[in-house]
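Q: My structure is below; once you've seen it, I'll send some questions.
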Amino acid sequence: MPAVENTIVICAGGACISAGEISVKESLESTLKEYALDEVVQVVETGCMGACDLGPIMVIYPEGIFYQKLNSENVKKIVEEHLLKGRVVKEFLYTGPAGEVKEKPQEELPFFKKQVKIATRNLGVVDPLSIEEYIARDGYFALTKVIKELSPDKVIEELKKSGLRGRGGAGFPTGLKWEFAKKAESNVKYVICNADEGDPGAFMDRAILEGDPHTVVEAMTIAAYTIGATKGFIYVRAEYPLAIERFSHALETAREYGFLGNNILGTDFSFDIEVRIGAGAFVCGEETALINSIEGKRGIPRVKPPYPAQKGLWNKPTLINNVETYANIPPIILHGGDWFSQFGVEGSRGTKVFALAGKVNNTGLVEVPMGITLRELIYEIGGGVPGGKKLKAVQTGGPSGGCIPEKHIDTPITYDTLKELGTIIGSGGMIVMDEDDCMVDVAKFFLEFTVEESCGQCTPCRDGTKRMLEILERITDGEGTEEDLEKLKELGEHIMKTSLCGLGQTAPQPVLSTMRYFWDEYEAHVKEKRCPAKKCKELTRIVIDKEKCVGCTACARVCPVDAISGSVRNPHEIDSEICTRCGSCLEVCRFGAISKVSP
Amino acid sequence: MSFEEVKNTVKKIYEQVKSENLEERDNLINILHAIQEHYGNYIPLEAAEVLKELTGRPLSEIYEVLTFYTMFSTDKRGKYIIRVCKSLPCHVTGGAAVLKSLKDVLGIDYGQTTEDGLFTLEESSCLGLCGVSPVMLINDEAYGNLTPEKVRKIIEEIKEKERSGVK
């Protein structure tokens, strides 16, 4: 068999697959076969490389040339030019906002260079279906070290030294949590991985499970050894079929290799993991609701205390961490707690994976040291806001968080600073919004989500959020009063104080936070019946400037509801009664004749 | 479909799931997933009766689990379930226009099924593909970077596939 000359690494993360990775891979493989290159060129599918907006992506080694936005056609050309003739195909390389072309953006761009990858160290590097590749990257070394050399107390000591805090949202110190679970007395204990990643805009857990499932298997096994559990569960959302598939595969191979199951690594320690699939309920991300769901019940939260570390699954002591938290464990064990705590700042140690989404040029996943500023994250790493628009705010922490307005973007991101700003890091979703986004609309949007996802168990959350939403709907419809604003605030504060679980207690956050920073926008909606961002449908109209319109009919042709009338070469007109404010006409007008107005 | 048929099917699935899992106390949700898959996207209400007998749990408890989770349906749904992400990242990147074109091209609203029994439209919480928003899931396959035109094309392709009888 001839030696492999080139290895092509192709990103098979969820985002690249949805952008067409499968047809790219098929075309690549058939073209390689056509030119009899299939024995000397190896194609490897990896997990998420992070740069979702560039997908589908592939990198050709040994040179490391990075090709982006591929389809089944252009990949053929890359085989013919790059592999056969040794010429880099410039047109499919990364092109920056200023038109600069880069062959190896992964070594040059701040998006890649500023990252410190710990939890996501193997993403885009290993084949998630290969346990050998995971082992080659020091996989299962930490488990071996723990079982052969470390006592459970020593593991907990390292975790405490590392300063790692839960990455799922609440930020509870991980070492302490493990200690509670270890100290709880019981002959049966459980380890759970919370993979019910539900916060809109956060997708790091998905990427880790899809791209490096073994790290979670290894960490859960370490956890079981430490606290004395023999049984583990991972609860994955049904919305993540690929993650379920790859994680299940990892479980099978880990058992074959003796890292899981009976007598792990030849010792008398035994532990196994089962997969549990959710069925579409956001509230199951709350740990006690998740436990109820694993027990085959409705996913409704329990009253805390007792905490799961005392009484969890089937009332037995249970350790529950989220995916990203687990992914940090093997490196901490291997390199020590002190090594981990050198990253980040006081109170927020290590790195955090953030998911950049919304109005930002480079969307995707980035892992950076805690304490980085929002400015670095949005402008240097994220490449700024598209279309030269002005940054307005960044929503963090999903429906449990709040927004950070543009004026605070130099604040370092830590658990404490974000708390002061009235929001949370949450699971790390960062939704970037620009001047075109209306903050009242955003708040309403989150409330719609909460109303729908409230489990209905306690009154403040079930009924309170519904009343808040009604008020917000009145405001965005132009029927709000000043009294409504007061009521909204008061109601929000009550819900936070009186709800049963963490989700209810934080549900009003998006409203209170936008009221805190964008009070003038709320007032404009109520007092002037005006939406400053020109987003709220009832307060906005789209109009055609008769002076500028040349009657090209482009707008009338694109209008999905036939709201635009006019004959060729004569100025057109929009019927506001019919118009849905979809904005399609705005995009096609080449004469700048169409604009939004409010009121 | 007779009650006998449901009874036999559910019983078989129950035994199957039971044999796959190491834990026995907790498999109701897994069983419901398997039943739903068997009947093609829905769970006949009779299944709850059968499960009552098999699991010894009260009917009310089984029914509450069956109706709590949005992914379970007791109504017949289409061959293709389209789940449109309605989260903020999709919303700020043009999700509303995508949704509108979907509703137009299918001629149905949320929670409805097309007359030919092919498509059911549902909304979904975040699909975790925010990097390529707006996004939708058709059965287990995700589609990203959607535009109104792209949506039309995807639906047309599925319809075409069905017309030509390709499985």
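Per-residue answers, yes or no, for (1) farther than 30 Å from A:ASP441 by Cα; (2) within 12 Å of chain A (Cβ to nearest Cβ); (3) open to solvent by less than 10 Å² (accessible area, probe 1.4 Å):
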site: B:ALA34; (1), (2), (3): yes, yes, no
site: B:PRO44; (1), (2), (3): yes, no, yes
site: B:LEU59; (1), (2), (3): yes, no, no
site: B:TYR63; (1), (2), (3): yes, yes, no
site: B:PHE72; (1), (2), (3): yes, yes, no
site: B:ILE81; (1), (2), (3): no, yes, yes
site: B:THR93; (1), (2), (3): no, yes, no
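Q: Considering only residues that are without any contact (Cβ under 8 Å) to a residue 40 or more places away in the chain and either over 15 Å from B:ASP140 (Cα atoms) or among the acidic types (Asp, Glu) (or both), which ones fall in the range A:22-38?
A: A:LYS25, A:GLU29, A:SER30, A:LYS33, A:GLU34, A:ALA36, A:ASP38
Q: Of all residues in the range A:431-448, which are facing chain B (nearest Cβ under 8 Å), assigned to a helix (DSSP H, G or I) and open to solvent by less than 10 Å² (accessible area, probe 1.4 Å)?
A: If the condition is that a residue be facing chain B (nearest Cβ under 8 Å), assigned to a helix (DSSP H, G or I) and open to solvent by less than 10 Å² (accessible area, probe 1.4 Å), then A:VAL442, A:PHE446 are the ones that fit.
Q: Inside the range A:166-185, can you point out the residues that are surrounded by fewer than 23 Cβ atoms within 10 Å (Cβ to Cβ) and under 22 Å from A:SER341 (Cβ atoms)?
A: A:GLY166, A:ALA170, A:GLY171, A:PHE172, A:PRO173, A:GLY175, A:LEU176, A:GLU179, A:PHE180, A:LYS182
Q: Still on this structure, I have one more. Among A:ILE277, A:ILE208, A:ILE244, which is the only one that is in contact with a helix residue (DSSP H, G or I) (Cβ under 7 Å, 6 or more places away or on another chain), closer than 30 Å to B:THR93 by Cα, within 12 Å of another protein chain (Cβ to nearest Cβ) and surrounded by fewer than 24 Cβ atoms within 10 Å (Cβ to Cβ)?
A: Just one listed residue meets the conditions, A:ILE277.
Q: Hey, another quick one. I need a count of the residues in the range A:494-534 that are among the aromatic types (Phe, Trp, Tyr) and open to solvent by 50 Å² or more (accessible area, probe 1.4 Å).
A: 1
Q: Can you tell which of A:VAL116, A:VAL88, A:VAL125 is in a loop (DSSP other than H, G, I, E, B), open to solvent by less than 80 Å² (accessible area, probe 1.4 Å) and more than 16 Å from A:ILE57 (Cα to Cα)?
A: Exactly one of A:VAL116, A:VAL88, A:VAL125 is in a loop (DSSP other than H, G, I, E, B), open to solvent by less than 80 Å² (accessible area, probe 1.4 Å) and more than 16 Å from A:ILE57 (Cα to Cα), namely A:VAL116.
Q: Surrounded by fewer than 20 Cβ atoms within 10 Å (Cβ to Cβ) and touching a helix residue (DSSP H, G or I) at 6+ places or on another chain (Cβ under 8 Å): which single residue out of A:GLY551, A:GLY583, A:GLY592 fits that description?
A: Answer to the check: A:GLY583.
Q: Select from the range A:62-121 the residues that are polar (S, T, N, Q) and more than 28 Å from A:ALA327 (Cβ to Cβ) and list them in ascending order.
A: Across the range A:62-121, the qualifying residues are A:ASN71, A:SER72, A:ASN74, A:THR95.
Q: A:VAL368 - would you say it is under 15 Å from the mean Cα position of the chain (by Cα) and over 16 Å from A:PRO110 (Cβ atoms)?
A: no
Q: Assuming A:PHE340 fulfils every condition listed in (1) open to solvent by less than 10 Å² (accessible area, probe 1.4 Å); (2) over 24 Å from A:GLU197 (Cβ atoms); (3) more than 20 Å from the chain's Cα centre (by Cα) apart from one, which condition is it?
A: Here A:PHE340 clears every test but (2).
Q: Let me ask something else about it. Keeping to the range A:186-205, report how many residues are touching a residue at least 12 places away in the same chain (Cβ under 8 Å) and either on the phi > 0 side of the Ramachandran plot or surrounded by fewer than 20 Cβ atoms within 10 Å (Cβ to Cβ) (or both).
A: 3
Q: Of the residues that make up the range A:250-272, is at least one open to solvent by less than 30 Å² (accessible area, probe 1.4 Å), under 30 Å from A:ASP53 (Cα atoms) and at pLDDT 95 or above?
A: Yes.
Q: Something else now. Go through A:ILE495, A:ILE475 for me and flag whichever is touching a Phe, Trp or Tyr at 6+ places or on another chain (Cβ under 8 Å) and either over 30 Å from A:GLU197 (Cβ atoms) or without any contact (Cβ under 8 Å) to a residue 60 or more places away in the chain (or both).
A: Of A:ILE495, A:ILE475, the one residue that is touching a Phe, Trp or Tyr at 6+ places or on another chain (Cβ under 8 Å) and either over 30 Å from A:GLU197 (Cβ atoms) or without any contact (Cβ under 8 Å) to a residue 60 or more places away in the chain (or both) is A:ILE475.
Q: Of all residues in the range A:11-49 being touching a Leu at 6+ places or on another chain (Cβ under 7 Å) and open to solvent by less than 20 Å² (accessible area, probe 1.4 Å), which is nearest to A:LEU83 (Cα to Cα)?
A: Among residues in the range A:11-49 that are touching a Leu at 6+ places or on another chain (Cβ under 7 Å) and open to solvent by less than 20 Å² (accessible area, probe 1.4 Å), the one nearest to A:LEU83 (Cα to Cα) is A:VAL41.
Q: Please find, within the range B:135-148, the residue that is most open to solvent (accessible area, probe 1.4 Å) out of those that are in contact with a helix residue (DSSP H, G or I) (Cβ under 8 Å, 6 or more places away or on another chain) and in contact (Cβ under 8 Å) with a residue 24 or more places away in the chain.
A: B:THR147
Q: Related question: Anything in the range A:371-424 that is open to solvent by 50 Å² or more (accessible area, probe 1.4 Å) and on the phi > 0 side of the Ramachandran plot? List them, or say none.
A: If the condition is that a residue be open to solvent by 50 Å² or more (accessible area, probe 1.4 Å) and on the phi > 0 side of the Ramachandran plot, then A:GLY387, A:GLY388 are the ones that fit.
Q: Return yes when A:GLU103 is of a type in the set (D, E, K, R), over 22 Å from A:VAL368 (Cα atoms) and assigned by TED's automatic domain parsing to the domain that holds A:CYS48 and no when it is not.
A: In short, no.
Q: A:ALA279: hydrophobic (A, V, I, L, M, F, W, C) and in a loop (DSSP other than H, G, I, E, B), yes or no?
A: yes
Q: If the requirement is being open to solvent by less than 70 Å² (accessible area, probe 1.4 Å) and over 26 Å from the mean Cα position of the chain (by Cα), which of these qualifies: A:LEU491, A:LEU469?
A: So the residue among A:LEU491, A:LEU469 that is open to solvent by less than 70 Å² (accessible area, probe 1.4 Å) and over 26 Å from the mean Cα position of the chain (by Cα) is A:LEU491.
Q: OK, next. Being within 13 Å of another protein chain (Cβ to nearest Cβ) and either surrounded by 24 or more Cβ atoms within 10 Å (Cβ to Cβ) or in a loop (DSSP other than H, G, I, E, B) (or both) is the filter here; which residues of the range A:286-300 pass it?
A: Of everything in the range A:286-300, those that are within 13 Å of another protein chain (Cβ to nearest Cβ) and either surrounded by 24 or more Cβ atoms within 10 Å (Cβ to Cβ) or in a loop (DSSP other than H, G, I, E, B) (or both) turn out to be A:ALA289, A:LEU290, A:ILE291, A:SER293, A:ILE294, A:GLU295, A:GLY296, A:LYS297, A:ARG298, A:GLY299, A:ILE300.
Per-residue answers, yes or no, for (1) buried (at least 23 other Cβ atoms within 10 Å of the Cβ); (2) at the interface with chain A (Cβ under 7 Å from one of its Cβ atoms):
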{"position": "B:CYS85", "(1), (2)": "yes, no"}
{"position": "B:ALA96", "(1), (2)": "no, no"}
{"position": "B:TYR110", "(1), (2)": "no, no"}
{"position": "B:THR120", "(1), (2)": "yes, no"}
{"position": "B:GLY128", "(1), (2)": "yes, yes"}
{"position": "B:VAL132", "(1), (2)": "yes, yes"}
{"position": "B:LYS150", "(1), (2)": "no, no"}
{"position": "B:LYS161", "(1), (2)": "no, no"}
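Q: Looking at (1) within 12 Å of chain B (Cβ to nearest Cβ); (2) touching a Lys or Arg at 6+ places or on another chain (Cβ under 8 Å); (3) free of Cβ contacts under 8 Å to residues at least 40 places away in the same chain, which one does A:LEU469 not meet, given that it meets all the others?
A: A:LEU469 satisfies every listed condition except (1).
Every residue, every condition in (1) of a type outside the set (Phe, Trp, Tyr); (2) in contact with a helix residue (DSSP H, G or I) (Cβ under 6 Å, 6 or more places away or on another chain); (3) closer than 15 Å to B:PHE68 by Cβ, yes or no:
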site	(1), (2), (3)
A:ALA238	yes, no, yes
A:GLU256	yes, no, no
A:ASP268	yes, no, no
A:LEU290	yes, yes, yes
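Q: Of the conditions (1) over 26 Å from the mean Cα position of the chain (by Cα); (2) surrounded by 16 or more Cβ atoms within 10 Å (Cβ to Cβ), A:LEU109 clears all except one; give me its number.
A: (1)
The values are calculated or read from the model by the stated rules, or taken from the named source; none is laboratory data. Every value quoted in this text rests on a predicted model; they were computed, and no experiment measured them. When we count neighbours, we look across all protein chains shown, and the Cβ atoms used for this are built from the backbone with ideal geometry, even at glycine. These area figures cover heavy atoms from the full protein model, side chains too; ligands, DNA and RNA do not enter into them. Shrake-Rupley method; radii C 1.70, N 1.55, O 1.52, S 1.80 Å.
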